[in-house]
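Single-structure report; data block below.
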Amino acid sequence: MEAFRSRLGPLPSWVVRGIGDDAACLESPSPDLDLVWTTDTQREGVHFRWDWLSPEEVGYRSFVINASDVIAKGGTPYAALVAIGIPAGFSEKKLMDLYEGISEGSREFSCPVVGGDISRSRGDFNVVLSLLGTVPKGFFAVRGGLKAGDVLYLVGRPGLARAGYMAMIAGRGDEEGFREAVRTFRRPRTFRDWPGVFGSFDGITATMDTSDGLGQAVWEMASESRVTIRLAFPDGWIGHLREPAERLAVDPFRLAWEGGEDYDIVAGVSRDLEREFVERAGKMLGSTRDSVIRIGEVIESGNSPVECRNSGGIWETLKGEGFDHTRI
């Protein structure tokens, strides 16, 4: 037990009891806050392969993908639990290296790991992390909050993780032209400052991260809101995908639309606060290479949840393709 404690670091004073008991005990956060709770998994052979990722990278990824769900809702990570299934023959060093990656995520988001579980697995390795966060009371950004008249923004650089994944599948991950894409897949980022900038911002009506693909996020937001999103992408919005798409001989739009694990944020914004949203988001991004991209508008109803103009100027359905967790 001490080996795990030492890697995860000291706990803050509001943790009454952390690792080492049957359950963790935390002091209650402020009554002005709501709680946000999420969980996500990294499974060997489904989300990663050991010849692609180091144990530290798997551990770090497991933390970031959960932090992204909380952050996209305007929440601040508060505390985490981790459960690990270990197959026979899994080395102790590999496990400790994995916890070093989890610890890195914990430090980055100032979010302590307060407990969890380790058990044997009859299958492949898996790590399940559950993360508790806080959001200002009344400001949880649901995915189904879009209203007619809202505008839709994407914050990030879509498609790079998918390009990196495809390069590694093809055995080309070490090529110079794929290095940024592969790095994006191996070391995902999320917008740590989003809660401070937008956690109490009245202009956001709905949000969702793009962990399962931009297309799926847009489709889900439109469907849950019972509105139609009419997309209009600006020129050059996927210029960063030109080289990897050419090397892979794939359509850069498909990389951006269908690819997942980018952890960008799609946000519905009230039109009257659009300018303020863009200014805030731009300051948040600073000198990073991410962008604030206006990708569409919301109308009350159309022919489908998501539409895009074809070459003839006709609005056609654009399917919300992405990763489907129910497809076995």
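The values are calculated or read from the model by the stated rules, or taken from the named source; none is laboratory data. All of these numbers come straight from a predicted model, not from anything done at the bench. Methodologically, a virtual Cβ is constructed for each residue, glycine included, from the backbone with ideal geometry; neighbour enumeration extends over all protein chains shown.
For beta carbons closer than 9 Å, sequence separation of 6+ or different chains, a first residue in segment 244-270 that is among the polar types (S, T, N, Q) and a second that is surrounded by fewer than 21 Cβ atoms within 10 Å (Cβ to Cβ) and in a loop (DSSP other than H, G, I, E, B), the qualifying pairs are Ser270/Lys147; Ser270/Gly149; Ser270/Asp202; Ser270/Gly203. Working only within segment 45-72, note down all residues that are at pLDDT 95 or above and of a type in the set (D, E, K, R). Result: Glu56, Glu57, Arg61, Asp69. Within segment 105-124, the set of residues being surrounded by fewer than 17 Cβ atoms within 10 Å (Cβ to Cβ) and within 19 Å of the chain's Cα centre (by Cα) comprises Arg107, Glu108, Ser110. Remark: pairs (first residue in segment 116-127, more than 13 Å from Gly89 (Cα to Cα) and in the same structural domain as Ile102 (by TED's automatic domain parsing); second residue modelled with pLDDT under 90 and not aromatic (Phe, Trp, Tyr); Cβ separation under 7 Å; 6+ apart in sequence or on different chains) are absent.
Restricting attention to segment 224-239, the residues that are part of a loop (DSSP other than H, G, I, E, B) and touching a Lys or Arg at 6+ places or on another chain (Cβ under 8 Å) add up to 3.
Only residues that are touching a residue at least 12 places away in the same chain (Cβ under 8 Å) and surrounded by fewer than 16 Cβ atoms within 10 Å (Cβ to Cβ) were counted across segment 286-298, and they come to 1. Evaluated against (1) more than 24 Å from Met208 (Cβ to Cβ); (2) free of Cβ contacts under 8 Å to residues at least 24 places away in the same chain, Gly18 falls short on exactly one condition, (2). Screening the candidates Gly164, Gly203, Gly173, Gly177 for the property of being surrounded by fewer than 21 Cβ atoms within 10 Å (Cβ to Cβ) and in contact with a Ser or Thr (Cβ under 9 Å, 6 or more places away or on another chain) yields one hit, Gly203. Between Gly116, Gly105, the distinction of being at pLDDT below 95 and within 19 Å of Pro10 (Cβ to Cβ) belongs to Gly116 only.
Here Ser225 meets the list (1) surrounded by fewer than 21 Cβ atoms within 10 Å (Cβ to Cβ); (2) over 28 Å from Cys111 (Cα atoms); (3) at pLDDT 95 or above almost entirely, failing just condition (1). Of all the criteria given as (1) of a type in the set (A, V, I, L, M, F, W, C); (2) part of a helix (DSSP H, G or I); (3) over 15 Å from Gly116 (Cα atoms), the one not satisfied by Phe63 is (3).
Residues in segment 14-47 that are β-branched (Val, Ile, Thr) and part of a loop (DSSP other than H, G, I, E, B) were compared, and the one that is nearest to the chain's Cα centre (by Cα) is Val46. When restricted to residues that are in a loop (DSSP other than H, G, I, E, B), more than 23 Å from Gly286 (Cα to Cα) and more than 19 Å from the chain's Cα centre (by Cα), segment 165-223 contains 6. Can you find a residue in segment 154-162 that is over 30 Å from Val269 (Cβ atoms) and in contact (Cβ under 8 Å) with a residue 40 or more places away in the chain? There is no residue in segment 154-162 that is over 30 Å from Val269 (Cβ atoms) and in contact (Cβ under 8 Å) with a residue 40 or more places away in the chain.
Highlighted here are the strands (runs of 3 or more DSSP E) found entirely within segment 240-314 that include at least 3 residues which are under 25 Å from Gly145 (Cβ atoms) and under 20 Å from the mean Cα position of the chain (by Cα): 265-269, 291-299.
Scanning segment 42-75 for residues that are surrounded by fewer than 16 Cβ atoms within 10 Å (Cβ to Cβ) and at negative phi yields Arg43, Val46, Arg49, Trp50, Asp51, Ser54.
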